[in-house]
Amino acid sequence: MATRFGVIGAGVIGKLRAESIRSTRGIELVAVADPVIAAAEQAVRGSGAKPLAEWRELVALTGLDAVVISSPVHLHEEQALACFQAGAHVLCEKPLSNSLDSCRRILAAAEKAGKTLAVGFNHRYFPAVALLKKTIDDGTIGVVDHLRIFGGHDGLHNFRADWMYKSPLSGGGAMMDVGIHLTDLARYAAGEIAEVYGVATNNIWHVDGSEDNAVAVFKTVTGIPITYQVTWAEWRGYGFFIDAYGDRGMIRASYAPMSNILVTQDKPGAPRRRRRWWYPEIMVREKMKGWTSTTLLTFQAELGDFRKMIRGESGSLADGFSGLRAIEIADAVYRSTKTGAAIKLDPPGRPTR
Ligand SMILES: NC(=O)c1ccc[n+]([C@@H]2O[C@H](COP(=O)([O-])OP(=O)(O)OC[C@H]3O[C@@H](n4cnc5c(N)ncnc54)[C@H](O)[C@@H]3O)[C@@H](O)[C@H]2O)c1
C-alpha cells in the first residue's frame, strides 16, 4: 500500500517537496496545507490531493502516514508535535527548530510516539558531497587529517521574509541558515564533533542576535580538526566547499557549480595525481531549469531513505539526532563567542546541558 504523505508549508521548498512526493512511486500525496491557499492549490494541482488553508486540518486527516514540514522555522515544533500526536512520521526541513530546547522537545515527542523523525539536510545527497563522503570512507585519501569548510552568500537581500534571518524566529544568523547544512556535513564527513571554539560577529548587517559571519574550529571525537566559516558577506554570492585532507591526498566538494577535485599520492611528498569532476549534465540542467531542479533530485533521494528509515533500515538521511546535533554545534559557537573558551559537547545521545 502507498505511504500517504501530507506537506505543511507550500512555499519554494514545500512545492518542491510536494513535487518530489508526486513523482515517487509507492507514495501518495494526500494534502498540502498553507495559509496562502493559492500556494497549496498550486502544489496539489492535477494530483487529486487536497489543498488546505489550515495545517491542523491536514494533521487530523485519517490514514496519514507521514508529514513533510516545510513551513517557517519557528512553526516546526508545534507542527511536529501535533504530527507525532496524530501518529504520523515527520521529515522536517532544516533547521529542525530555532532553539536547542525546542529541538529536544521534538526529539522527545518522536520517541514518546514511537515515530520516525528525519531532518532535511539534503546537501548530503549532492553528487559532489556523496563522492567526498565515499572517498573519505573508502580510504582513498588515507587517514583523514583535517577538514576545511566554507559556505555563504552575499547578504540580507537573499531573504524573502523576516523569519528567515531575524533571530527570535530563525534562532540566529548565517549559522542557522546556509551554515546549518555545513555543521551537519562536518560531522557527516569527519565523525562526531566533541569540541567547538568559535567567534560569531554581526558587524556588517547589524541584525540583533543574527551573526553575519562565524569562524570556528571543531574537533571530532577522534581529534580531527575542522575549520568552519560561514558568512552573509561573500562577494561571489552563494556557494560552499568542503576540503578533506588525509595523509595520501585530499578531496574537495563544492557547489555551485557542482564539482570535485581529488588529489592522491602514495605518501606525503610523493608525486601527485589529480582528477576533476565537473558534472556538465547538472550545469546544463541548472542553466535551463534552475537550482531547484537539483534540489528536487535530492528530495526524491531523501524520500527513498525516509521510507527506509521508517522501516528501521539505514541510508544517508539525517535523523532527528543529527538535526539536534547541528544546532548544538551552532549553539556552542554562540557560547564560545560569549565566554572566549572552547566548549566541550557531551557524547552523542546525551543533552549537552
Ligand atoms: N533544504 C534546503 O536547502 C532549504 C532551502 C531553503 C529553505 N529551507 C527550509 O524550508 C522551510 C521553508 O522555506 P521556504 O524557502 O520554502 O520558505 P517560503 O517562504 O518560500 O515558504 C514558507 C511557506 O510556509 C507558509 N506558512 C506560513 N505560515 C504557515 C503555517 N502556519 N502553516 C503552514 N504553512 C505556513 C507560507 O505561506 C509559505 O508559503 C524552512 O524551514 C527553511 O529553512 C530548506
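Brief remarks follow.
- Alpha-carbon geometry of the chain: the Rg and the Dmax are 20.1, 64 Å, given in that order.
- Distribution of pairwise C-alpha distances over the stretch 221-332, 10 Å bins, in %: 11, 26, 38, 24, 2
- Under 18 Å from the Cα of LYS308 - lysines, other chains or at least 8 residues apart: LYS115
- Rounded to 10°, Cα long-axis angle of helix 127-137 versus longest principal axis of the chain: 50
- Straight-line cross-link reach from LYS166 at under 13 Å between alpha-carbon atoms covers these aspartates and glutamates, not counting any fewer than eight positions away in the same chain: ASP177, ASP208, GLU211, ASP212.
- Globularity index of the stretch 288-353 is 1.56 (Cα radius of gyration / 2.2 N^0.38 Å, N = number of residues).
- Calculated SAXS-style log₁₀ I(q)/I(0) at q = 0.18, 0.23 Å⁻¹ - the stretch 101-219, Debye, Cα scatterers: -1.13, -1.34
- Tilt relative to the chain, helix 292-310 - C-alpha long axis, 0 to 90 degrees, to 10: 80
- Peptide ranges 12-24, 41-53 listed from the most packed, as the mean C-beta count within 10 angstrom indicates: 12-24, 41-53
- Rg(Cα)/(2.2 N^0.38 Å) for the stretch 3-122, N = residue count: 0.96
- Helix axis angle, 76-85 relative to the chain longest principal axis, alpha carbon, degrees: 60
- Total formal charge among the other residues, if their Cβ is under 14 angstrom from that of PRO257, Lys/Arg +1 and Asp/Glu -1: +3
- Judged by the mean number of other Cβ atoms found within 10 Å, the most tightly packed of the peptides 183-192, 303-312 leads the ranking 183-192, 303-312.
- Computed from the C-beta positions of ALA60 and THR227 and an R0 of 56 Å, the FRET efficiency is 0.75 to the nearest 0.05.
- Fully extended contour minus Cα-Cα distance, from GLU313 to VAL284, at 0.36 nm per residue: 7.0 nm
- Applying 1/(1 + (r/R0)^6) with R0 = 45 Å to the Cβ-Cβ distance of THR339 and ARG160 gives a FRET efficiency near 0.85.
A short reminder: the numbers here are calculations on the coordinates, not readings from a lab. Remember, it's a predicted structure, so these values are computed and weren't measured experimentally. Backbone-built Cβ (ideal geometry, glycine too); neighbour counts: all protein chains shown.
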